[in-house]
Each structure stands twice: as C-alpha cells, then as structure tokens.
Amino acid sequence: MIVSLFDKDQENPELKNQLLVNLKNIQARIDLALKKSKNPHGRVTLVAVSKKQPLEIIEALARLGQINFGENYVQEALAKMDKLRDYNIRWHFIGGLQTNKARYVSGQFAMVHSVDSVKLARSLQKTAKNMNTIQPVLIQVNLAGETQKCGTAGNSLFDLAVSILELNHLKLDGLMTMPPFFDDPEKARPFFAELRTLKHNMEEQFGIEMPHLSMGMSGDFEVAVEEGSTMVRIGESLFGPRSGYG
Ligand SMILES: *Cc1c(COP(=O)(O)O)cnc(C)c1O
C-alpha cells in the first residue's frame, strides 16, 4: 500500500480532477493520432515530463495510474525519485547530460533519452558495468543542427551508434529528437518523418531492431504519433505551467 504524507485526494480534489481530465484528453488525442499513423495497432508510451513540477502533483498523477515520468535535471530527478520510491514509477532521463554526471544517472533510469556523444556513452557504460546492469538508451538527434540544442548531428549519428553497439552494458533502443519550435505543429512533421527514416536506415545497416522513437511534446505530439512516435514526452499539457520546484 502506498502511504502518502498527506492525503492529497482528500485535500485537493480539484487537482486530481484536473489531472484526470488532462490525462484522458491527451490519451484520447494519442489514440486518434495513432489511428491515422502507418502503425495503427502500435503502442505509444506517455512520458509525463515532471521537471520543475512539485512533488504533490507528480504524486497525484502517479496515484491516477501514470507510470512513466521524465526529468531533465540530475539533482532534481534524484531527489524526487528518492521521495517517491514507494510508487510504481518508471523514470526517464530526458535532459542534456554532462559526462561528469553520467554516473548519477546510469542504472537509475528506465531509459536515458539524451545520449549524444561517445564520451557520454562510455561514461554511462562504466557505471552500468560497475552496477552489473544494462542501461537502455536512445540517441538524441539534432536534425536542424541548432547549436543551442543537445543532440548528435548528421554523419556522427552512425558513428555514435557503432560505438554504443560495442558497449555491452548499454542497450540501444532507438532515437529521440526535439525539432525546432514552430507555432504550427505541421512544420515539425518533416523532422519526425526524418527521424523515422534514420531509425529505419540504421536498423538495415546494423541488422538490429530498435523499438523506440521518442518524439512529440505538448505542442506537436499528435503529428509525431502520426509519423511513428512510440514515446511522447508531455509536460505542460498534462501538468499545467511549470511552477518551479524546490
Ligand atoms: C520540457 C521537455 C519536454 C516537455 O515539454 P512540454 O512542452 O512541457 O510538453 C519534452 N522533452 C524534453 C526534452 C523537454 O526538455
């Protein structure tokens, strides 16, 4: 049984109701988009992006049955994981990760979405090996070559994949991307399609199967699902504005 510090269900029924409405709304929109995709019987995992959201709201969503949560900042994530360890939560690390912090992340998260260098991959491998575990990872691809964003670009993607495939404590499960921001989500569609093509080409070239395409956020997840996303990372549409944590 999960024992909460407060009984939030009693204390704040509006919060619970609002989260439930948001969750159902997003799930329905995902289902509809999936029907329009090339793989209408596929599955899409909803990763609730809880960065900068207070614990109570994450807890309330977990109590509604949400399992997958995404965090961007190492310290914040570890503190939340510790406080919410009684819940059945699968944590995803989706933020930019410096090599010197990889040891805090490897082996702790169900998936690391943001691997973008050989150096980082080796660092994750080292810790996973020490812990005698296998860390599932995605390569973050920077399709537009935006300098302010993380992600490997262009030719280095295949080289990075080769390196990761040699690291026996990492499991390469797919690709992640964050396209440039557009007011019109249709403008992001070519980026999502390109990531799908890249995944396909890598599978052919390396003779592997990668189950995941992590793409789609609050503003563009329906288009991403139509283009083959298997993991959408949704923050503000689910939780409301990020209010600040800690
Ligand atoms: C913050 C963030 C999201 C969620 O963004 P929303 O617009 O709040 O849905 C998804 N992916 C990454 C990598 C993020 O940093």
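The values are calculated or read from the model by the stated rules, or taken from the named source; none is laboratory data. What you are looking at is a predicted structure, and each value in this text was computed from that prediction instead of being measured. Don't worry about glycine lacking a Cβ; one is built from the backbone with ideal geometry, like all the others, and counts go over all protein chains shown. SASA here: full protein model, heavy atoms, side chains in, ligands and nucleic acids out. Shrake-Rupley method; radii C 1.70, N 1.55, O 1.52, S 1.80 Å.
Considering the stretch 213-246, the residues that are assigned to a loop (DSSP other than H, G, I, E, B), away from the ligand (no atom under 13 Å from the Cβ) and surrounded by 16 or more Cβ atoms within 10 Å (Cβ to Cβ) include one that is farthest from the chain's Cα centre (by Cα), namely Glu227. Filtering Ser4, Ser50, Ser37 for residues that are open to solvent by less than 50 Å² (accessible area, probe 1.4 Å), modelled with pLDDT under 95 and among the polar types (S, T, N, Q) leaves a single hit, Ser4. Of all residues being open to solvent by less than 70 Å² (accessible area, probe 1.4 Å) and under 18 Å from Gln205 (Cα atoms) in the stretch 168-188, which is farthest from the ligand (Cβ to nearest atom)? Just the residue, please. Residue satisfying both the conditions and the ranking: Leu172.
For the stretch 56-73, filtering for residues that are free of Cβ contacts under 8 Å to residues at least 40 places away in the same chain and open to solvent by 20 Å² or more (accessible area, probe 1.4 Å) leaves 4. Is it the case, given these coordinates, that Ala60 is away from the ligand (no atom under 13 Å from the Cβ), touching a helix residue (DSSP H, G or I) at 6+ places or on another chain (Cβ under 6 Å) and more than 22 Å from Lys149 (Cα to Cα)? Yes, satisfied.
Can you confirm whether the stretch 88-106 contains a residue that is open to solvent by less than 50 Å² (accessible area, probe 1.4 Å), within 16 Å of the ligand (Cβ to nearest atom) and closer than 22 Å to Glu209 by Cβ?
Of the residues in the stretch 88-106, the ones open to solvent by less than 50 Å² (accessible area, probe 1.4 Å) are 89, 91-97, 99, 102, 105-106.
This time we only want the ones that are within 16 Å of the ligand (Cβ to nearest atom), so: 91-97, 105.
Now drop any that are not closer than 22 Å to Glu209 by Cβ, which leaves 92.
Yes, some residue in the stretch 88-106 is open to solvent by less than 50 Å² (accessible area, probe 1.4 Å), within 16 Å of the ligand (Cβ to nearest atom) and closer than 22 Å to Glu209 by Cβ.
Out of curiosity, is Arg196 within 13 Å of the ligand (Cβ to nearest atom), within 18 Å of the chain's Cα centre (by Cα) and under 17 Å from Ile139 (Cα atoms)?
Numbers: within 13 Å of the ligand (Cβ to nearest atom): no; within 18 Å of the chain's Cα centre (by Cα): yes; under 17 Å from Ile139 (Cα atoms): yes.
So Arg196 fails the test.
Summed over the stretch 107-130, the residues that are closer than 16 Å to Tyr73 by Cβ and of a type in the set (Ser, Thr, Tyr) give a count of 1. Just one of the listed residues (Gly42, Gly145, Gly65, Gly154) is touching a Leu at 6+ places or on another chain (Cβ under 7 Å) and away from the ligand (no atom under 12 Å from the Cβ), and it is Gly42. Taking the conditions exactly as written (surrounded by 17 or more Cβ atoms within 10 Å (Cβ to Cβ), under 17 Å from the mean Cα position of the chain (by Cα) and in a strand (DSSP E or B)), does Met210 satisfy them or not? Judged against the criteria, Met210 is not a match.
Of all residues in the stretch 104-130, how many are without any contact (Cβ under 8 Å) to a residue 60 or more places away in the chain and out of contact with any helix residue (DSSP H, G or I) (no Cβ under 9 Å at 6 or more places or on another chain)? Total satisfying the criteria: 3. Filtering the stretch 13-56 to residues that are more than 20 Å from the chain's Cα centre (by Cα) and among the aliphatic types (A, V, I, L, M) leaves Leu15, Leu20, Val21, Leu32.
Would it be correct to say that Leu138 is touching a residue at least 12 places away in the same chain (Cβ under 8 Å) and either open to solvent by 20 Å² or more (accessible area, probe 1.4 Å) or in a helix (DSSP H, G or I) (or both)? Show your work before the answer.
Values: touching a residue at least 12 places away in the same chain (Cβ under 8 Å): yes; either open to solvent by 20 Å² or more (accessible area, probe 1.4 Å) or in a helix (DSSP H, G or I) (or both): no.
No: the conditions fail for Leu138.
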